[in-house]
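> Structure provided below as structure tokens; questions to follow.
The values are calculated or read from the model by the stated rules, or taken from the named source; none is laboratory data. None of the values given here were measured: they were computed from a predicted structure. Using ideal geometry, Cβ is built from the backbone for each residue, glycine included, and neighbour counts are taken over all protein chains shown.
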Amino acid sequence: MGLLTILKKMKHKEREMRLLMLGLDNAGKTTILKKFNGEDVSTISPTLGFNIKTLEHRGFKLNIWDVGGQKSLRSYWRNYFESTDGLVWVVDSADRLRLEDCRQELSALLTEERLAGATLLVFANKQDLPGSLSKEAIQEAMALDDIKTHHWCIIGCSAVTGENLLMGVDWLLDDIAARIFTTE
Amino acid sequence: MSLAMETSPSQGNGDEKPSETVKIPDRLLKRDQARLEEAERRKDIKEGRSVTEEKSDFFSTTFNTERATIDELLSICTEANRENATKILEEATVKTQQLQKFLNDSMMFLTPYELRQAQATLQVLLSTISEKRDDILPKKKFAFKSRNVKSKPAESPSTSITELPKSASNRDTDADAAVTPVQCVFSNVDSQVLIKRADEIQQQDVLLTHLTNCKVRLLGSPSTLHIKHVRDCEIMSGPVSSSVFVDQCTGSTLAFPCQQLRTHNTKDTQIYLHVTSRAIIEDCQGVSFAPLTWTYSNMDADFAVSGLDKNRNNWDQVDDFNWLAFDTPSPNWTVIPVSDRKTSWDDLVPASSE
């Protein structure tokens, strides 16, 4: 039995995953987290620091880290990279003026060594807004097709209505599970 | 047992009296009886507890019935009845989610094989639903190339007293050139009065950029509001359902109710605010806050539309992301003293020419 198998078995026993949720400020990261956890989303303040939620989903224990996206907090993102299984990148689909910022921040993240093994889920959030860009447009603006280093997937969602949140997280879980857990 | 009775005296447990050794089998008997009763009791409890929901045939029957229902829903959902399609898809999605929940709840007593099968089935259902959705309700394809298309949405909202200058909608050679207008955009305007009413902005995402020396009134409830590159303006808006995002704003006065306010790179600006969660500032200087004093005739109704709580206003709880010390207040923002607060605003609304 190789070391990898042993490690995978250990992980399997825990059935635990660490997800890191990042994105520019006002993207809706905390709202996604709270909505997914079934909490009230109408009283959310801009995140000064971070939120952690541990929740059970499909038999997995998910540790979701939601770190504030303000410019002054972005330099602290790196403190949360260690042992991340999945990266959730949240985009405000209605904020066209900062799409370029958003693309640059994401591409900087993807060069991080400590995130090298992580699966990437991009949430094109705020699809409920009439002026929001479609997920195809976000995919193009973020140049996702150029990403060769990570497994990725983009899903259009709305944190306010909850639309497609589950679908996105399910994809992420499946991809991570296929990678780190042995199938036996 | 009787053997034990006979042999026990001869075994010579010297100090034990014979009468006691005779009692041992009795005790054993009793214990055995008790053990049997206990076992019986446990069995009863166990049977009582095993509810029908935890049998795996129950699971597979229910799962398959539900799945058949969803399949049927999806099969009647064709391009022909487009108006119903949305509703049916919605129903199918909800049912699928319920099915996923049911599976999650049942996981404890399913074999790994059944679990895998059920999950695979659910995946198929989900992807079928999303395919159907893409087929029947295709989203508008967005492309950056179609520049000439965009002049239409930019001009259509300008039915109010101020016509956007013709040049404005075509002037997009600046830094934000790669950006096409959102549903409601007002940009590149100098020294004008802009009044927008509910029919144009109600629950829309509104963007105000590159305004100088303008007076803006948004008489309705936008779903979100972006204010960027603004100088010497007076901008008032009705209740904003979600967040207001302010960037690069100088020497202006802003007033609006909103759920969240995020202020960036802003200087010497007064904000008359009603905020139900929090306001934050980042890279700002000389920003001052006061409670909202501006109002307009239909504001209460728009409050209802926005879903904001009129009785909760945290206007003076401002987080400065560049000032993380708890004990000393941030030098970047202040509260406008009561005597200096503006209480009367220019009533621009009835004015028809300016």
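> Looking for something part of a loop (DSSP other than H, G, I, E, B), more than 10 Å from every other protein chain (Cβ to nearest Cβ) and either within 15 Å of the chain's Cα centre (by Cα) or closer than 18 Å to residue B:223 by Cβ (or both) - is there at least one such residue anywhere in region A:121-135? Give the derivation first.
Quick first cut of region A:121-135, residues part of a loop (DSSP other than H, G, I, E, B) only: A:126-134.
In the following step, the residues that additionally are more than 10 Å from every other protein chain (Cβ to nearest Cβ) were identified as none.
Looking for residues that are part of a loop (DSSP other than H, G, I, E, B), more than 10 Å from every other protein chain (Cβ to nearest Cβ) and either within 15 Å of the chain's Cα centre (by Cα) or closer than 18 Å to residue B:223 by Cβ (or both), one finds none in region A:121-135, hence no.
> Could you please let me know if residue A:25 is in contact (Cβ under 8 Å) with a residue 40 or more places away in the chain and more than 13 Å from chain B (Cβ to nearest Cβ)?
Values: in contact (Cβ under 8 Å) with a residue 40 or more places away in the chain: yes; more than 13 Å from chain B (Cβ to nearest Cβ): no.
No; evaluated as a whole, the condition is false for this residue.
> Looking only at region B:233-251, filter to residues that are buried (at least 24 other Cβ atoms within 10 Å of the Cβ) and touching an Asp or Glu at 6+ places or on another chain (Cβ under 7 Å); which one of those is farthest from the other protein chains (Cβ to nearest Cβ)?
Filtering first and then ranking leaves B:238.
> Identify all residues within region B:205-222 that are within 14 Å of chain A (Cβ to nearest Cβ) and outside any strand (DSSP E or B); write none if there are none.
B:220, B:221, B:222
> A further question on this structure: Inside region A:111-159, can you point out the residues that are of a type in the set (Lys, Arg), surrounded by fewer than 19 Cβ atoms within 10 Å (Cβ to Cβ) and touching a Ser or Thr at 6+ places or on another chain (Cβ under 8 Å)? Show your work before the answer.
Here is the first cut: in region A:111-159, the residues of a type in the set (Lys, Arg) are A:114, A:126, A:135, A:148.
Those still in the list that are surrounded by fewer than 19 Cβ atoms within 10 Å (Cβ to Cβ) too: A:114, A:148.
A:114, the sole residue that qualifies.
> Just need a number here: residues in region A:148-181 that are out of contact with any strand residue (DSSP E or B) (no Cβ under 9 Å at 6 or more places or on another chain) and closer than 21 Å to residue A:61 by Cα.
4
> Anything in region A:69-89 that is within 14 Å of chain B (Cβ to nearest Cβ) and either surrounded by 24 or more Cβ atoms within 10 Å (Cβ to Cβ) or part of a strand (DSSP E or B) (or both)? List them, or say none.
Selection gives A:69 alone.
> Okay, moving on. Which ones in region B:223-232 are modelled with pLDDT under 95 and in a loop (DSSP other than H, G, I, E, B)?
Once the filter is applied, which keeps residues that are modelled with pLDDT under 95 and in a loop (DSSP other than H, G, I, E, B), region B:223-232 yields only B:223.
> Can you tell me which residues in region B:102-125 are in a helix (DSSP H, G or I) and of a type in the set (A, V, I, L, M, F, W, C)? Give the derivation first.
Going residue by residue through region B:102-125, those that are in a helix (DSSP H, G or I) are B:102-109, B:112-125.
Selection gives B:102, B:103, B:107, B:108, B:109, B:115, B:118, B:120, B:122, B:124, B:125.
> Separate question: Take residue A:176 and tell me if it is outside any helix (DSSP H, G or I) and surrounded by 15 or more Cβ atoms within 10 Å (Cβ to Cβ). I'd like the intermediate steps shown before the answer.
Values: outside any helix (DSSP H, G or I): no; surrounded by 15 or more Cβ atoms within 10 Å (Cβ to Cβ): yes.
Against the criterion (outside any helix (DSSP H, G or I) and surrounded by 15 or more Cβ atoms within 10 Å (Cβ to Cβ)), residue A:176 does not qualify.
> Specify the residue that is nearest to residue A:158 (Cα to Cα); the eligible residues are those in region A:90-115 that are within 14 Å of another protein chain (Cβ to nearest Cβ) and among the basic types (Lys, Arg).
A:96
> Kindly indicate whether any position in region A:59-68 is touching a helix residue (DSSP H, G or I) at 6+ places or on another chain (Cβ under 7 Å), surrounded by fewer than 19 Cβ atoms within 10 Å (Cβ to Cβ) and within 7 Å of another protein chain (Cβ to nearest Cβ).
yes
> Of everything in region B:318-328, what is in contact with a Phe, Trp or Tyr (Cβ under 8 Å, 6 or more places away or on another chain) and over 22 Å from residue B:258 (Cα atoms)? Give them in sequence order. So that I can check it myself, show each step before the final result.
Let us first name the residues in region B:318-328 that are in contact with a Phe, Trp or Tyr (Cβ under 8 Å, 6 or more places away or on another chain), namely B:318, B:320.
Across region B:318-328, there are no qualifying residues.
> Here is a follow-up. Return the total of residues in region B:296-326 being loosely packed, with under 13 Cβ neighbours inside 10 Å, within 12 Å of residue B:239 (Cβ to Cβ) and among the aliphatic types (A, V, I, L, M). Break it down into steps so the answer makes sense when it comes.
As a first pass, look at region B:296-326 and keep what is loosely packed, with under 13 Cβ neighbours inside 10 Å: B:297, B:300, B:304, B:311-312, B:324-326.
Among the residues that remain, those that are also within 12 Å of residue B:239 (Cβ to Cβ) are: B:300, B:304.
Okay, now just the ones that are also among the aliphatic types (A, V, I, L, M), so B:304.
Of the residues in region B:296-326, 1 are loosely packed, with under 13 Cβ neighbours inside 10 Å, within 12 Å of residue B:239 (Cβ to Cβ) and among the aliphatic types (A, V, I, L, M).
> What are the residue pairs meeting all of these: first residue in region B:259-271, first residue within 19 Å of residue A:42 (Cα to Cα), second residue among the hydrophobic types (A, V, I, L, M, F, W, C) and in a strand (DSSP E or B), Cβ atoms under 6 Å, and 6 or more apart or on different chains?
Qualifying pairs under 6 Å: B:261/B:244; B:261/B:275; B:261/B:279; B:262/B:245; B:262/B:280.
> Within region A:86-114, can you find the residues that are under 11 Å from residue A:150 (Cβ atoms) and touching a residue at least 40 places away in the same chain (Cβ under 8 Å)?
A:86, A:87, A:89, A:109, A:110
> Right, here's the next one. For residue B:312, only one of the following conditions fails: (1) in contact with a helix residue (DSSP H, G or I) (Cβ under 8 Å, 6 or more places away or on another chain); (2) within 23 Å of residue B:218 (Cα to Cα); (3) of a type in the set (D, E, K, R). What is its number?
Condition not satisfied by residue B:312: (1).
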